[in-house]
Amino acid sequence: MISIPILVTTLVYTAIGLVIFIGGFWLWDKISPVDMWGEICREKNVALAIFTGSIAISVAMIIAAAIHG
């Protein structure tokens with residue numbers, strides 16, 4: 001059975017990771033020269049969608065490594 005301190009710690013690290021992920025992804029969106037969501041949704045730019053997904057995975061892996069130690 002999972003103890004309460006372990007559950008709370010897991011939830012705190014999850015919240016911290018999500019905040020950092022959203023902040024990093026938002027920052028990348030702001031510094032990129034194109035309207036990322038407009039290009040993906042309106043123009044159906046598959047290459048940009050794949051690139052955006054790879055950036056999201058990369059940021060998530062960096063955050064996971066930093067939290068895990």
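Brief remarks on what is shown
- Test result for residue 54, exposed (fewer than 12 other Cβ atoms within 10 Å of the Cβ) and either touching a residue at least 12 places away in the same chain (Cβ under 8 Å) or of a type in the set (Ser, Thr, Tyr) (or both): yes
- A Cβ distance below 7 Å, combined with a sequence gap of six or more or placement on separate chains, defines the contacts here; from the stretch 5-27, residues that are touching a residue at least 24 places away in the same chain (Cβ under 8 Å) and over 14 Å from residue 64 (Cα atoms) reach residues that are in a helix (DSSP H, G or I) and among the β-branched types (Val, Ile, Thr) in the pairs 25/59.
- Yes/no for residue 44 being of a type in the set (Lys, Arg), within 20 Å of residue 62 (Cα to Cα) and open to solvent by 100 Å² or more (accessible area, probe 1.4 Å): no
- Subset of the stretch 43-64 (residues that are farther than 15 Å from residue 26 by Cα, among the small types (Gly, Ala, Ser) and within 13 Å of the chain's Cα centre (by Cα)): 64
- Filter result (open to solvent by less than 80 Å² (accessible area, probe 1.4 Å) and farther than 19 Å from residue 57 by Cβ) within the stretch 8-27: 8, 9, 10, 12, 15
The values are calculated or read from the model by the stated rules, or taken from the named source; none is laboratory data. Bear in mind that the values here come from a model prediction, so they are computed numbers and not experimental data. Ideal geometry is used to build each Cβ from the backbone, glycine not excepted, and the neighbour counts take in all protein chains shown. The accessibility values were calculated without ligands, DNA or RNA, using every heavy atom of the protein model including side chains. Shrake-Rupley method; radii C 1.70, N 1.55, O 1.52, S 1.80 Å.
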